[in-house]
Amino acid sequence: MRLGVNIDHVATVRQARRADVPDPLEAALLAEKAGANGITVHLREDRRHIQERDVERLRQRIATKLNLEMAVTPAMVAYAEKLRPDDACFVPEKREELTTEGGLDVIAHRARVKDAVARLQGRGIHASLFIDPDPTQIEAARETGARGIEIHTGSYCNAGGVAREKELRAIVDAASFAQRLGLEVHGGHGLDYENVCPIARISEIVELNIGHSIIARAVIVGIEQAVREMKELLAKARG
Ligand code: PXP
């Protein structure tokens, strides 16, 4: 199972101060050192976290693969054609949302998605479509010619008890159906240390993209060292 680490929220912290740190590239290199199989970033239209310069530095410096999450817009398609990430994942995007809400409606935007997929895959970029675990969307995804899909795991993560079991079943069935259609299957959104295992056991899913929970955990497990370093510096300054 490949793990793509989404580092958007490193940039969220940096942008809160419009500062230089924390640097998403530095985070990406450490994530790779820890075993990440890829780095994922979402270059949003409003540029609220990741900036074009971040994506370009990542493109030049990371050793694993770069997965660019992007809206299906002419500007983003042109940008990706030029940048040439290894993978591109098409997501729906609304300005007012806190994070990606719901999967891409491939049926409603079939022609536009198909054209975008063809343009990127023509440049050797593997395209995947971020969709809900819905067989009609999976069929439409296959018709676009995309190499794969990323199943939106958000509803599973947000549900509890019996409802979560039902959401899990839908993901299991969707993964199996998509694989039978010849699509490579990824998953992501809302996965954390508590809910990831049942998803990780689905053998058809070959890649998970996880962001918020890893960055949130990094802040907590890193805080002791950060405070200790500052205390040591203060003590040294006083001789
Ligand atoms: N996959 C996609 C397509 C996403 O849009 C996101 C959020 O940017 C993720 C995975 C990661 O989600 P999370 O930050 O909740 O782990």
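Details
- Every pair of residues 6+ apart whose Cβ atoms lie under 6 Å, when the first sits in the stretch 181-198 and is under 12 Å from Tyr156 (Cα atoms) while the second is within 11 Å of the ligand (Cβ to nearest atom) and open to solvent by 30 Å² or more (accessible area, probe 1.4 Å): none
Every residue, every condition in (1) within 16 Å of the ligand (Cβ to nearest atom); (2) of a type in the set (Phe, Trp, Tyr); (3) without any contact (Cβ under 8 Å) to a residue 60 or more places away in the chain; (4) touching a Phe, Trp or Tyr at 6+ places or on another chain (Cβ under 8 Å), yes or no:
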site	(1), (2), (3), (4)
Val55	yes, no, yes, no
Val72	yes, no, yes, yes
Leu83	no, no, yes, no
Val91	yes, no, yes, yes
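- A single entry from Thr144, Thr153, Thr136 fulfils the requirement of being among the polar types (S, T, N, Q), within 10 Å of the ligand (Cβ to nearest atom) and either under 19 Å from the mean Cα position of the chain (by Cα) or open to solvent by less than 80 Å² (accessible area, probe 1.4 Å) (or both): Thr153.
- Residue ID - farthest from the ligand (Cβ to nearest atom), chosen from residues in the stretch 188-203 that are open to solvent by less than 10 Å² (accessible area, probe 1.4 Å), under 19 Å from Gly38 (Cα atoms) and not in a helix (DSSP H, G or I): Leu191
- Residue match in the stretch 53-73 (condition: acidic (Asp, Glu) and in contact with a Lys or Arg (Cβ under 7 Å, 6 or more places away or on another chain)): no
- When the stretch 1-29 is filtered for residues that are among the aliphatic types (A, V, I, L, M), within 16 Å of the ligand (Cβ to nearest atom) and either over 13 Å from the mean Cα position of the chain (by Cα) or in a helix (DSSP H, G or I) (or both), the ones remaining, listed by number, are Met1, Val10, Ala11, Val13, Ala27, Ala28.
- Selection from the stretch 174-187 of residues that are open to solvent by 50 Å² or more (accessible area, probe 1.4 Å) and not in a loop (DSSP other than H, G, I, E, B): Gln179, Arg180
The values are calculated or read from the model by the stated rules, or taken from the named source; none is laboratory data. None of the values given here were measured: they were computed from a predicted structure. Cβ sites come from the backbone with ideal geometry, for glycine too, and all protein chains shown count toward neighbours. Remember, those area values only see protein heavy atoms, side chains included, never the ligands or the DNA or RNA. Shrake-Rupley method; radii C 1.70, N 1.55, O 1.52, S 1.80 Å.
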